[in-house]
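Structure record follows, encoded as structure tokens.
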Amino acid sequence: MSADAALRWTWCAIYGFAAVYYLALWARTHRRDPEHASYACICAGLAIHAAGAALLSDATTLAEGTLAVRLQYAGALAATAFVVDFTSHLVERPRRRVVLASYALAGIGLLLDLAGRLVDPARSTLHAPLARDLPRVAIEPSLRVEGVVVLTISVTFGLVATFALGRAARRDADARLVLAGVVITFAAAIHDIVVHGLGLGTVYLAEHAGLAPAIAVGIVLMRRFVRAARELEQRTEELARSYDELRQTQEELVRKEQLAAVGELSAVIAHEVRNPLAILKNAVSSLRRPTLTHVDRGVLLSILDEETDRLNRLVRDLLAYARPVAPKGSSVEVEPLITRAFELACGGRREHTEVHLELDLEGAPHAVLGDAELLRHAIVNVMDNALQAMAGRGRLRVEATPTALDARPAIALAFTDTGEGMDTLVRAKALDPFFTTRPAGTGLGLAIVDRVVKNHGGTLGIESAPAAGTTVTLTLPAASS
């Protein structure tokens, strides 16, 4: 292998590496940057052209020289088409018709080249090395008519791309850089044509000068990458600032919502407390009358007891509702839990002695996973509402059925009473804090139940209709057996 051929094979390797690198970069960016693919194809065309030049340097027969020249033509046609494509992306005024036409011409030229229709070997000549210190042969290819047409049009497309670069170079530094590389390549090509035509024994420059636009395009792509990285950094900083502003706004909204909730809660508490206090004040004023009979005194004292209990219940329920719910995960037997809750709900009161408890726990898990005290308090509230709705007589049925919560085994406890039931409006507000239909109620019972059940990872459902009773269903995770 001659030194001249070795140098051209080196250029071929450099162009080939650049083609593979930028093609991989285009693929890694999910094909969002088509200019990377265009540049990779330009480098691939230059690699083919350099390979043809290297083969021509060591050619000893006309057949070898003709094959090398055909390879050079193929690389030049491909590189020219993709230069047009890259230029359309660079000037940001893509003319798809021109680009497609250059692709079509390159395709036709490659097909003609493969078929041997560009060069006529019978009319081509191969000369000996032009100088002793320059071991390079020279072939004078004889182009067919098809070859002349294809190469002429291809050069025309290259000139169109160059003129487009010239117009864009007035305002774009990237276009000026690429234009300089293209001009160097054209100057080298003209030099080679003159040298070849006059038979001068000097160095051909086209393969070497092809590196100039390749380097220019590489610099342009790198500068674009740097600009994109800077823009991304700026966008990241803007996003971080926007996130901080959003977080501050959200915190402010949360504080305002908390203040609004506190204000609403204060108004409700003031309303709930004011009535018992007014009754207590009137009862105390009446007890101070000297003419008060013994019977009236007993009535007033019972009113004092009743209103004091009412205030005590309100405070107790408020504490239970406001207290953070942190259930302890342990296995709790269902049947003892329900029977004990029923005893606590009745509380030994006579008005509840005619309420019958029915249990249907067969076929369901025997234990739930949760906090026994919190679950007992929640079930007491459910049963207390049922007892109040049945007015001291009726049937409270508790049915347990197996179910699932997020693909985990669970148990559904349905509490069905035979009370007065609820209409649609009452049922929709049943879980709202401080909503109640009973004069002595605080409206926090079911709200507390809902919090306890949700903190156990379960759900609460209510089904009711006027004069048809109510069913409250607590779905809780089952304990592992």
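Data for the structure
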item: Residues located in region 429-466, provided they are small (G, A, S), out of contact with any strand residue (DSSP E or B) (no Cβ under 9 Å at 6 or more places or on another chain), modelled with pLDDT of 80 or more and open to solvent by 10 Å² or more (accessible area, probe 1.4 Å); result: A465
item: Candidate set: region 380-405, residues that are touching a residue at least 12 places away in the same chain (Cβ under 8 Å) and within 42 Å of the chain's Cα centre (by Cα); chosen: the one farthest from A465 (Cα to Cα); result: L405
item: Residue match in region 385-398 (condition: over 22 Å from T418 (Cα atoms) and modelled with pLDDT of 90 or more); result: no
item: Selection count, region 299-311, where residues are closer than 20 Å to L446 by Cβ and either open to solvent by 80 Å² or more (accessible area, probe 1.4 Å) or among the hydroxyl-bearing types (S, T, Y) (or both); result: 0
item: Candidates R223, R227, R170, filtered to the one that is more than 27 Å from L23 (Cα to Cα), modelled with pLDDT of 70 or more, open to solvent by 70 Å² or more (accessible area, probe 1.4 Å) and under 42 Å from the mean Cα position of the chain (by Cα); result: R170
item: Residue tally, condition at pLDDT 85 or above and either open to solvent by 10 Å² or more (accessible area, probe 1.4 Å) or of a type in the set (D, E) (or both), over region 32-45; result: 2
item: Residue pairs meeting the criteria (Cβ under 6 Å; at least 6 apart or on separate chains; first in contact (Cβ under 8 Å) with a residue 24 or more places away in the chain and open to solvent by 50 Å² or more (accessible area, probe 1.4 Å), in region 357-372; second hydrophobic (A, V, I, L, M, F, W, C) and in a loop (DSSP other than H, G, I, E, B)); result: L369/A479
item: Long-range neighbours under 6 Å by Cβ, at least six apart or interchain, first residue touching a residue at least 40 places away in the same chain (Cβ under 8 Å) within region 104-122, second outside any helix (DSSP H, G or I); result: V119/P141
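The values are calculated or read from the model by the stated rules, or taken from the named source; none is laboratory data. No experiment lies behind these values; they were computed from the predicted model shown. Don't worry about glycine lacking a Cβ; one is built from the backbone with ideal geometry, like all the others, and counts go over all protein chains shown. Areas reflect the complete protein model, heavy atoms only, side chains present, ligands, DNA and RNA absent. Shrake-Rupley method; radii C 1.70, N 1.55, O 1.52, S 1.80 Å.
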